[in-house]
Amino acid sequence: MLGLTRKDAILLAIVTVVALLAPFILNPFPTNSGFAQFNAGYPDLMQRFAIFGIFAIGFNILFGLTGYLSFGHAAFLGVGSYAGIWMMKLLTANIIPGIAASIVVAGLFALIVGFISLRRSGIYFAILTLAFAQMSYALAYSVLTPITGGETGLQLKLNDPRVLDGALAPGERAHANLFGLDMTSSIEMHFGAWQFTFNTGYYIAALVLVLAFYLSIRIFRSPFGMMLRAIKSNNTRMTYTGLNARPYALAAFVISGMYAGLAGGLMVAMDTQVGPERMFWTASGEVVLMTILGGAGTLIGPVLGAGLIKYMENIISKINSGILHEWFYWMPDGLEDFVITLVYPFVGKGWHLTLGIVFMLVVIFLPGGLVEGGQRLRRLAQGKRAKKSATQTNPAE
Amino acid sequence: MGILEVKNVNKRFGGLQALSDVNLSVAENTVHAIIGPNGAGKSTLLNVLVGKLLPDTGSVMFDGQSVLGRKPYEINQMGISRVFQTPEIFGDLTVLENMMIPIFAKRDGAFRMHAIESVRNERAVVQQAEDMLESLNLADARHDHSASMSRGNKRRLEIGMCLAQEPRLLLLDEPTAGMARADTNNTIDLLKQIKDERDITIAIIEHDMHVVFSLAERITVLAQGTPLVEDTPDKIKGHPKVREAYLGETAAA
């Protein structure tokens, strides 16, 4: 189906169903229950799941397949965002030209950065990409202020030209839209104690995520994808097999830059603003974490990693000492305070600490990321169910 | 005029004259062995032939074209394949994928962007790779990761990958180094089979005299960066200069 093997088609189907049903899946707790704070089914966060999923899928095409570790991919996301918002300011608040411009401009920028950075490999390549990203950040912050809006960034304004759009009615604001479909519009559904939100912006991002995922499967399974894995596996043999590794790596770099641009364009489409902090090196590091956490070189891993990190960033960081007291009120006073003192550093602003520990545990015990964890669980379950034959599992998932 | 003509090649590393005035002619469709004690410059010469090193002076012609200044992958595309001392294969890929890559390289050249079609649908390439593995007795392992194979099978795979490109010249750098006797004999048999079945020139660098005398039709003895003698195996066996070069090494060691 769709040029995929049965296994890949099933994976794509699962991703599609999960993406479509996310508003239900991510809101398992009734709105008024104590667990409601663990619900992630609100538009803003769901959009971020989809967008960072796309970002990580693209990053994985470079890092997971070729092994080239870019530490500057946020630059392409940022450049994509700036290109997108300029299209929305100058042409139309319809998101299509904006996203198209994001992909194209980020791709061109990746071509330049990749052409230079791929002259080196390993740590030097990583440092070169990091340097490019930090230069982009610094430029956006200072010298390029006329284009980037400097520290305050860019937003949609009333006096933007928007030559393709009609004049706005007095008091009306320009809304990012898809042929009139407002990105911020939502339909709410109440079901007993539960509340589910279906947001236009999320569904557009989810649709793009599914397409991006599908494209990545095709790339993984293509001869091109095989060549990229060959680069990672043995560059010497690659060269002595008459293959020029540089253009292969550059193509992978540009494709992953375009994915990052697409993610940046979608971000702008959702919140119609952009600032330079989007290109800061921590943002580049985050996508590396997502990919490794989920499982570099696997198809679904980066999406899982992106989801986990964004979930922790938004949910664990909201747990404050008041909430902790609510949880542990049943303990004797002294013990309650003790437990809260122990737990407090790991929640709220300390969520990075939790993330760091999770990351360390995964890298040490599950070098293949969450995907490897899943595979081990499945093997364990299979082993218990039928111990008769040693079945071979295919590691490429 | 041989398929490979090396003329007056010199290469110096700092104070060491690694190659001095090397002249070598490898005739088409022969097996030519290059032997010599450690430090004789065999590996340097090989690296010059495949484009990894540029000599200071001299010329290297392959089939009438100069290889000097070309990148290793370009020289490979001209028809020179190299087998390494330690098997260089794609360890993370399956045996079948390992075999498909040189076939793609032969068909599509040094770079081609085929990012959407599926590898599965490249039936001709898959078939050719399967046939090749069959002839190497590696078909049973085709879905295994190549890194998990034995040393001897890795060597067979590497030689097979080079052959899949249908090279005109196959360079082997101590192909049996560190191998058990049985694997060494298997490799010798494989190379004999290749020599009998194909129009191919083989240049082999080797320490193991058993391997050399089983295969070679011509032998060049290299010592201290210079060819001492070049002759048939029978003549080389009793040559006083050769004994001296090797015995000298033993005495010094």
Worksheet item: Is it the case that A:Met279 is under 19 Å from A:Ala206 (Cβ atoms), in contact (Cβ under 8 Å) with a residue 12 or more places away in the chain, surrounded by 19 or more Cβ atoms within 10 Å (Cβ to Cβ) and not charged (D, E, K, R)?
Response: no
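Considering only segment A:47-65, state which residues are touching a Leu at 6+ places or on another chain (Cβ under 7 Å) and open to solvent by 10 Å² or more (accessible area, probe 1.4 Å).
Residues of segment A:47-65 touching a Leu at 6+ places or on another chain (Cβ under 7 Å): A:50-51, A:53-55, A:63, A:65.
Within segment A:47-65, just A:Phe63 meets the criteria.
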Practice prompt. Find the residue count for segment A:51-93, including only residues that are among the aliphatic types (A, V, I, L, M), outside any loop (DSSP other than H, G, I, E, B) and over 10 Å from A:Val287 (Cα atoms).
Written response: 13
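Only one of A:Leu262, A:Leu207 is away from every other protein chain (no Cβ under 14 Å), over 15 Å from B:Ala115 (Cβ atoms) and open to solvent by less than 30 Å² (accessible area, probe 1.4 Å); which?
Working: A:Leu207 fails: open to solvent by less than 30 Å² (accessible area, probe 1.4 Å).
From the options A:Leu262, A:Leu207, the qualifying one is A:Leu262.
Step by step: first the residues of segment A:328-351, then only those that are under 32 Å from the mean Cα position of the chain (by Cα) and open to solvent by 40 Å² or more (accessible area, probe 1.4 Å), then the one that is nearest to A:Lys318 (Cα to Cα). Which residue is that?
So, considering only residues that are under 32 Å from the mean Cα position of the chain (by Cα) and open to solvent by 40 Å² or more (accessible area, probe 1.4 Å), the one nearest to A:Lys318 (Cα to Cα) is A:Lys349.
Out of all the residues in segment A:220-238, which are assigned to a loop (DSSP other than H, G, I, E, B) and more than 7 Å from chain B (Cβ to nearest Cβ)?
Listed by number, the list is empty, since nothing qualifies.
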Worksheet item: If you take the residues of segment B:79-108 that are open to solvent by 40 Å² or more (accessible area, probe 1.4 Å) and under 30 Å from B:Thr57 (Cα atoms), which of them is nearest to the other protein chains (Cβ to nearest Cβ)?
Response: B:Glu88
Worksheet item: Would segment A:298-308 turn up any residue that is part of a helix (DSSP H, G or I), within 14 Å of another protein chain (Cβ to nearest Cβ) and of a type in the set (A, V, I, L, M)?
Response: no
Worksheet entry | Flag for B:Glu122 being in the same structural domain as B:Asn8 (by TED's automatic domain parsing) and of a type in the set (Asp, Glu) | no
Worksheet item: Do we find a residue being closer than 23 Å to B:Ile80 by Cα, within 14 Å of chain A (Cβ to nearest Cβ) and either acidic (Asp, Glu) or assigned to a loop (DSSP other than H, G, I, E, B) (or both) anywhere in segment B:142-163?
Response: yes
Discussion item. So for segment B:166-186 (the condition being under 20 Å from B:Gln77 (Cβ atoms) and part of a helix (DSSP H, G or I)), does at least one residue qualify?
Written reply: no
Worksheet item: Can you pull out the residues in segment A:20-46 that are of a type outside the set (A, V, I, L, M) and in contact with a Leu (Cβ under 8 Å, 6 or more places away or on another chain)?
Response: A:Asn39, A:Gly41
Worksheet, complete the sentence: Residue hits (segment A:239-252; more than 7 Å from chain B (Cβ to nearest Cβ), buried (at least 24 other Cβ atoms within 10 Å of the Cβ) and more than 17 Å from A:Phe213 (Cα to Cα)) are A:Ala249
Worksheet item: How many residues does segment B:201-237 hold that are open to solvent by 40 Å² or more (accessible area, probe 1.4 Å), assigned to a helix (DSSP H, G or I) and touching a residue at least 24 places away in the same chain (Cβ under 8 Å)?
Response: 4
Worksheet entry | Qualifying residues in segment B:64-78 (those that are farther than 26 Å from B:Ala177 by Cα and not hydrophobic (A, V, I, L, M, F, W, C)) - the one surrounded by the most Cβ atoms within 10 Å (Cβ to Cβ) | B:Gln77
Worksheet item: B:Val60 fails exactly one of the following numbered conditions: (1) within 14 Å of chain A (Cβ to nearest Cβ); (2) open to solvent by less than 50 Å² (accessible area, probe 1.4 Å). What is the number of that condition?
Response: (1)
Worksheet, complete the sentence: Residue hits (segment B:82-140; among the small types (Gly, Ala, Ser) and within 23 Å of the chain's Cα centre (by Cα)) are B:Gly91, B:Ala105, B:Gly109, B:Ala110, B:Ala129, B:Ser135
Practice prompt. Identify the single condition in (1) open to solvent by 30 Å² or more (accessible area, probe 1.4 Å); (2) out of contact with any strand residue (DSSP E or B) (no Cβ under 6 Å at 6 or more places or on another chain) that B:Gly51 does not satisfy, given that it satisfies every other one.
Written response: (1)
Discussion item. All but one of (1) under 22 Å from the mean Cα position of the chain (by Cα); (2) open to solvent by 10 Å² or more (accessible area, probe 1.4 Å); (3) more than 25 Å from A:Leu207 (Cα to Cα) hold for A:Arg120; state the number of the condition that does not hold.
Written reply: (1)
Fill in: Criterion (more than 25 Å from A:Thr92 (Cβ to Cβ) and either in contact (Cβ under 8 Å) with a residue 60 or more places away in the chain or out of contact with any helix residue (DSSP H, G or I) (no Cβ under 9 Å at 6 or more places or on another chain) (or both)) met by exactly one of A:His175, A:His190
A:His190
Practice prompt. Scan (1) away from every other protein chain (no Cβ under 14 Å); (2) closer than 28 Å to A:Asn234 by Cα; (3) of a type in the set (Gly, Ala, Ser); (4) open to solvent by less than 10 Å² (accessible area, probe 1.4 Å) for the single condition B:Ala40 breaks and write down its number.
Written response: (2)
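The values are calculated or read from the model by the stated rules, or taken from the named source; none is laboratory data. Keep in mind that this is a model prediction, so the values were computed, not measured. Note that we place each Cβ from the backbone using ideal geometry, even for glycine, and neighbour counts take in every protein chain shown. Note: accessible area is taken over every heavy atom of the protein model, side chains too, but ligands, DNA and RNA are not part of it. Shrake-Rupley method; radii C 1.70, N 1.55, O 1.52, S 1.80 Å.
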